[in-house]
Every structure is written in structure tokens, then in C-alpha cells.
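Bear in mind these aren't lab numbers, they're just calculated from the coordinates by the rules spelled out. Since we're looking at a predicted model, the values are computed, not measured. Quick reminder, even Gly has a Cβ in these numbers, built from the backbone with ideal geometry, and neighbours come from all protein chains shown.
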Amino acid sequence: MPATVLLDADAVAALVARLGAEIEQDHPEGVVLIGVLKGALIFVADLARAITGVPVEVDFMSISRFAPDSGRVKILHDLDSDISGRDVVVVEDMVDTGLTLAYLMGQLAERGPRSLSACTLLDRPTRRIVPHDLRYRGLVLDDEFVLGYGLHARDLYRNLPFVAAGDRAVVAATPEEYVEQLYGEESVALRVKAGIRAGGSVAADRTEEP
């Protein structure tokens, strides 16, 4: 099964610009963006540059995977800055089960920010375990398996400027399956035809009021 482009580079840029404008409007005194590594690295960099009217500080956190036997995680990289009394937005590339975001929001809330909310480029609520009211949300997915723009399989595809949908089982068996297609000349034709594909829909409204 070949991969298909779900969001081309222009569609990604439009979502980032819209989310940046929403964040800027809600935080006239400035905001701290906390990117969740590694997946959100590219998104948070573009998001920070899309916010041009207020000061932006960027920091990062990384946590381990949830252990299947205990559900425990640990912080692998913590913030360098003090967020006490600050307006904070946690930035994810995708919210799926919601477990990672729930853990991070709980940890950060204990540090006394003035406000704390979450932003995700992609949301896949069909796989949610922990409910979330996402204040800033880009594209809502069904159950597509996605790659590119920070999303990866064995660290492949992160640097693609678009988001593609592929077969989960195929990538699990052969992570490099789509490399030739998505990095080669064929990817140009895919992007020309792309926009917003498959089951995705743009989230026009936030689910949480400022």
C-alpha cells in the first residue's frame, strides 16, 4: 500500500499560522512554548516563528515511554526555565492516547504557571485513553498512521515538510518502506495532488475557552 500525502507543506503552514495567531491573541503579554521532544521539535520551531506580535520563550521536555507493566514514566529532559507565574502552552506533534500529555500537564501544573494549556498539530481522539480539552488543535484524524513533519518510524521521515499517511503494519515490519516514495521524485507528484486527505478534518474551533 503506497503512502498518501495527508497535509502538503502549504496546508501544514496554514495550520501553523492559524494556531500561532490563536496563541498570540490569547497571550498579549507573551507565552512560553514547551515542545515535547522529539516529535514536536519542528512544529514548535515553526509555531514560535508564526507568533510575531508578542514575546515567545521556547523550552523543551522529554519523557520515557509508558512501561506496559507498570505505566510508569520518567522525565528524560526537564525544563531549563522557571515557569512559575508564566503563561505556558505545551506543544505536541500529535495527541493520541493522551497519556503523555496528561502526565506532562500534571507535572507542569505543580510548578505554578499562571495559565497552562495544550496545542497539537494533529489530534487522534479515536485512540484516546485520557480525555483532554485541547485549546489549540490543528487537524483531527480518524485512525490514520502518519509520518513526516516530526512524526517518525525508527527516526525516519521526521524531516519531511509534509504529513503523509501510510500502512501501520507495513511500517512496523519495514520502517524504510516509504523512503524511496516520500523522498524521491514520486513525492513531488504526491504533493501536487495533496491538500487535506483521508479522514482528516481541520478543527475550526477550539474545544476550550480562553
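A simple spin-label model places the labels of Ala9 and Ile129 3.7 nm from each other, with each point 7 Å out along Cα-to-Cβ.
When peptides 59-65, 151-157 are ranked by their average number of other Cβ atoms within 10 Å per residue, the highest-first order is 151-157, 59-65. Contact order for segment 33-172, expressed relative to its length and based on alpha carbon pairs under 8 Å spaced 6+ residues apart, stands at 20 percent.
For segment 1-143, the orientation-averaged shadow of the C-alpha convex hull comes to 9.4 nm² (one quarter of the hull surface). Taking amide H atoms as placed 1.01 Å from N in the peptide plane, the amide H of Ala118 lies under 5 Å from those of Val90, Arg135, Tyr136, each 5 or more residues away in sequence or on another chain. About its Cα centre, segment 4-202 has a charge dipole of approximately 320 debye under the convention of +1 per Lys or Arg Cβ and -1 per Asp or Glu Cβ, with nothing else charged.
For a Förster distance of 41 Å, can you work out the FRET efficiency between the beta-carbons of Glu176 and Ala102, rounded to the nearest 0.05? Step by step, r from the Cβ atoms, then E = 0.80.
Subtracting the Cα-Cα distance of Ser62 and Tyr183 from 0.36 nm times their residue separation leaves 40.8 nm of extension gain.
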